[in-house]
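A short worksheet on the structure shown next.
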Amino acid sequence: MEKIISDRRQSFCCKAGDIFRKYFKYADKQIAEHEGKYSRMYENMGIYTPHFIGTGFSKERNLFFNEYCYINMIELSPMMLDESLLSKILELLNLVSASKIFPADGINFWNHHYKADLANALNILKKFVNVNAQLLLERVYSQKVSVVMHGDFSLSNMSLSDGQLCLYDFASAGCSPKWWDLGYMIASLPPSFGKKIYDTTHYDENLLACVQLAAAVKFGRGLRKCEEVEFRQNIFEYWSDLSLRR
């Protein structure tokens, strides 16, 4: 049975068994240009991304779009998270964190993109668990906004293509604290899988702070949108039980 690569903003679904397919992501002009820029940036870092063709305008939809081509993509799931795949993910993040490319809008994008989410997350931390929110924020921001981030780094935005890890959906890309993307990914997974990744990185309290904050962000979004509330709450509660040391 063929798997389907789907996205809420794509104009049609792409079958993973196809050798070569076109893919359009519709958005307003600013988002289309933003995503196209970061797609090319990651590509220039040597990271396998869908081949970016260009940005255009659809008169029919009165929307801007980015056009990509994908090759032999296989969707990922937590059950596929073995040692080999985890190694590929960590290698990708190390490559990004070593990059000296800092887009002009990167820092502002982090501040604006997460402003409401972070404020909501702090309220959730104070309401649901006994977490030192100020210490948590200090841990996150002590890393400084120093690396390029994907912004929605999760298995749902990755695939395997001819054995290589492929990363896509750069609408939330910008710059962030060093451990944010990895923390966000861990907070997107069931705790048993997230802990597997966390343990592999060796214990780091800055990473734990990012995981806790990202879990609160995702729980807050779930409450606001009434989506996967129980699932996100379980993840949030699991990571909130681990304490940060001063």
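Remarks
- Among the residues making up the stretch 131-147, those that are assigned to a loop (DSSP other than H, G, I, E, B) and open to solvent by 40 Å² or more (accessible area, probe 1.4 Å) are N132, S142, K144.
- Residue check for F128: of a type in the set (F, W, Y) and either more than 15 Å from W239 (Cβ to Cβ) or open to solvent by less than 10 Å² (accessible area, probe 1.4 Å) (or both): no
- Within the stretch 94-128, the set of residues being closer than 17 Å to V140 by Cβ, among the aliphatic types (A, V, I, L, M) and at pLDDT 70 or above comprises A116, L118, A119, A121, L122, I124, L125.
- In the stretch 20-75, the residues that are among the aromatic types (F, W, Y), over 26 Å from E91 (Cβ atoms) and open to solvent by less than 50 Å² (accessible area, probe 1.4 Å): F24, Y26, F65
The values are calculated or read from the model by the stated rules, or taken from the named source; none is laboratory data. What you see is a predicted model, and the numbers here were worked out from it, not measured in a lab. Neighbour counts run over all protein chains shown; Cβ positions are idealised from the backbone, glycine included. Please note that ligands, DNA and RNA were not included when accessible areas were found on the heavy atoms of the full protein model with its side chains. Shrake-Rupley method; radii C 1.70, N 1.55, O 1.52, S 1.80 Å.
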